[in-house]
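Read through the structure below, which is laid out as structure tokens, and then see the notes.
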Amino acid sequence: MPKTIQTILITGGAGFIGSNLCEYFISKGYKVVCLDNFATGYRHNLNDFINHPNFRLIEGDIRNPQDCNTAVQGVDYVLHQAALGSVPRSINDPVTTNEVNVSGFLNMLVAARDANVKRFVYAASSSTYGDSVGLPKVEEVIGKPLSPYAITKYVNELYAEIFSRTYGLETIGLRYFNVFGRKQDPNGAYAAVIPLFVKQFMNYESPIINGDGNFSRDFTYIDNVIQMNELAMTSQNPEAINTVYNTAFGDRTTLTQLVGYLKENLTVFDSKILDVMIVNGPNRAGDIPHSLASIEKAKKLLGYNPKFNIENGLKEAVKWYWKNLK
């Protein structure tokens, strides 16, 4: 617990990752300010702490500079999670994706600089690796982006680096790799694969795997991501700041393996799920075949030590979904 109460602004704090960060840092004794426009976040994600004396909600939009300026007042740290995620959404609507992810990001950087925020930690993305084929992915070697979303997240890194060099704002980018866990939305056109598949299995509907099922991802449980945000925010190692880190477990799972793990965990609650068939569909535009992170840089410079592999994380996630989706 901090010696003096410090204040963290979490943008996108009503979203999946943001709301988990809000809950965690309130429990650690920080004051937390949440800025969200509820475009993709949900008020029910805030239910467990909405009335906590150390929590404050600002309903606003990072595309509005005044909302950003209001939110950073009296703030020590920014954990910037607000963004429009999803590769398919960015392909369908590149303009809005750019407005939120690039213009909104720049607004937040300017506001943080002007408010003398101590450190700006932001959600970067593994999509930045683009068409780079080497595995595992190491932070210093990237390819060309494969989607408008990937472009926006790479631009975030470039802006953060410039603000560090030009204005002295401490920044750290966390390249998230396929984060999953409690509070992740299973509904909507752009639902992530794990909550979507869980919901379909629970309804005895056949999940559709894009491609032959051999595409692989470094699925990363939410608690590992919380650990990385805390380490990035609090690190006193001067070598650890003004850079980017892979935020992952450091292992990869094929979509076919993922479905098997989900079935295994869900049949504990309902044996009929074992009989649900799997359907294979076409590959999805903008998808990279394989994703695997090297986490050596985060281990070395931040002391990162992820506790949840895919099996342990899915066990916890499925328990949460079974309780909250039924």
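The values are calculated or read from the model by the stated rules, or taken from the named source; none is laboratory data. All of these numbers come straight from a predicted model, not from anything done at the bench. Positions of Cβ are generated from backbone atoms using ideal geometry, with glycine treated the same way; all protein chains shown enter the neighbour counts. Only protein heavy atoms, including side chains, enter the accessible area calculation; ligands, DNA and RNA are left aside. Shrake-Rupley method; radii C 1.70, N 1.55, O 1.52, S 1.80 Å.
I'd like the carbon and sulfur percentage of the solvent accessible area for region 163-275, probe radius 1.4 Å, heavy atoms only, ligands and nucleic acids excluded.
Carbon and sulfur together cover 47 percent of it.
Taking +1 at the Cβ of each Lys and Arg and -1 at the Cβ of each Asp and Glu, which of Ala189, Thr7, Gln66 sits farthest along the dipole of the chain towards its positive end, judged by Cα position relative to the Cα centre?
Thr7
What is the set of long-range amide H partners of Lys137 at a cut-off below 5 Å, with H atoms built 1.01 Å from backbone N?
Residues meeting the amide H criterion: Leu292, Ala293, Ser294.
Can you pull out the chymotrypsin sites (Phe, Trp or Tyr not before Pro) in region 195-229 whose DSSP state is coil and whose Cβ has at most 12 other Cβ atoms within 10 Å? Provide the component values of the computation, followed by the final result.
Values: sites: Phe197, Phe201, Tyr204, Phe215, Phe219, Tyr221; in loops: Tyr204, Phe215, Phe219.
Of the chymotrypsin sites (Phe, Trp or Tyr not before Pro), the ones in loops of region 195-229 whose Cβ has at most 12 other Cβ atoms within 10 Å are Tyr204.
What trypsin sites (Lys or Arg not before Pro) does region 226-298 have in DSSP loop regions with at most 14 other beta carbons within 10 Å?
On the way: sites: Arg252, Lys263, Lys272, Arg284, Lys297; in loops: Arg252, Arg284.
For trypsin sites (Lys or Arg not before Pro) across region 226-298 that sit outside H, G, I, E and B with at most 14 neighbouring Cβ atoms in 10 Å, the list reads Arg284.
Order Tyr167, Tyr42, Tyr129 by their accessible area, 1.4 angstrom probe, all chains in place, largest first.
These residues rank, largest area first, as Tyr167, Tyr42, Tyr129.
Can you run phi through the Karplus equation (6.51, -1.76, 1.60; θ = phi - 60°) for region 63-72 and list ³J(HN,Hα) in whole Hz, with x for Gly and Pro?
Karplus-based 3J(HN,Hα) across region 63-72 equals 6, 9, x, 5, 4, 5, 4, 4, 5, 8 Hz.
Using a 10 angstrom Cβ neighbour count of at most 15 plus a DSSP loop assignment to flag exposed GluC sites (Glu not before Pro), which longest range of the chain is free of such sites? Could you put the intermediate results ahead of the total?
On the way: sites that count: Glu140, Glu205.
Free of exposed loop sites, the longest segment is 1-139.
Obtain the nm distance between the two label points defined at Phe269 and Thr4 by a simple spin-label model: each point lies 7 Å from its Cα along the Cα-to-C-beta direction.
Here the modelled spin labels are 4.6 nm apart.
Check Glu170: other-chain or 5+ apart residues with amide H under 5 Å from its amide H, H built from backbone geometry?
Phe120
Straight-line reach from Lys153: which lysines have Cα under 19 Å away, leaving out those fewer than 8 places along the same chain?
Lys137, Lys144
Using alpha carbons only, how many degrees (0 to 90, rounded to 10) separate the axis of helix 222-234 from the longest principal axis of the chain?
The answer is roughly 20 degrees.
Out of residues 5 or more away from Tyr245 or on other chains, whose amide H comes under 5 Å of its own, with H placed 1.01 Å from N in the peptide plane?
Gly173, Leu174, Arg175
Given the chain, what percent of its DSSP beta bridges are antiparallel, to the nearest 5?
That works out to approximately 5 percent antiparallel.
Once the Cα gyration tensor of the chain is found, what semi-axes does its equivalent ellipsoid get, as square roots of 5 times the eigenvalues, in whole Å, sorted largest first?
31, 22, 19
Consider a paramagnetic label point 7 Å from the Cα of Ala189 along Cα→Cβ; state which residues of region 87-118 have an amide N under 15 Å from it.
So the set is 87-97.
So which aspartates and glutamates pass the test for Lys297, namely a Cα distance under 20 Å, with those fewer than 8 places away in the same chain ruled out?
Within the straight-line cut-off, Lys297 pairs with Glu139, Glu140, Glu157, Glu161, Glu170, Asp218, Asp223, Glu230, Glu239, Asp251.
Where in region 283-326 is the amide nitrogen less than 20 Å from a point lying 7 Å along the Cα-to-Cβ axis of Glu140?
Once the point is set 7 Å along Cα→Cβ of Glu140, 292-304 turn out to lie under 20 Å by backbone N, inside region 283-326.
Under 22 Å between alpha carbons, and skipping anything fewer than 8 positions from Lys319 in its own chain: which lysines qualify?
Partners within reach: Lys183, Lys199, Lys263, Lys272, Lys307.
Given a Förster radius of 25 Å and the C-beta distance between Asp212 and Lys315 as r, what FRET efficiency does 1/(1 + (r/R0)^6) yield to the nearest 0.05? Write down the numbers at each step before the final one.
Numbers: r = 27 Å, r/R0 = 1.06.
It comes out at approximately 0.40.
With label points built 7 Å along Cα→Cβ from the Cα atoms of Asp48 and Lys118, find their separation and express it in nm.
2.5 nm
What FRET efficiency do you get for Thr70 and Asn283 if R0 is 56 Å and r is their Cβ-Cβ distance, rounded to the nearest 0.05?
For R0 = 56 Å, the calculated efficiency reads 0.80.
Using the alpha-carbon atoms, what tilt in degrees (0 to 90, nearest 10) does helix 193-202 show relative to the longest principal axis of the chain?
40 degrees
With every protein chain present, what is the per residue accessible area of region 23-148 (1.4 Å probe, Å²)?
Value for region 23-148: 44 Å² per residue.
Compute the distance in nm between two label points, each set 7 Å from the Cα along the Cα-to-Cβ direction, one at Ser103 and one at Asn305.
Here the answer is 4.6 nm between the modelled labels.
Give the Rg/Rh ratio for region 124-193, taking Rg as the radius of gyration of the Cα atoms and Rh as the Kirkwood radius, to two decimals.
Rg/Rh for region 124-193 comes to 1.04.
Picking from Ala111, Tyr149, Phe25, whose Cα lies most toward the positive end of the charge dipole for the chain (charges on Cβ: Lys, Arg +1; Asp, Glu -1)?
Positive-end residue among those listed: Phe25.
Under a point-charge model restricted to the Cβ atoms of Lys and Arg (+1) and Asp and Glu (-1), what is the dipole moment magnitude of the chain relative to its Cα centre, in debye to the nearest 20?
480 debye
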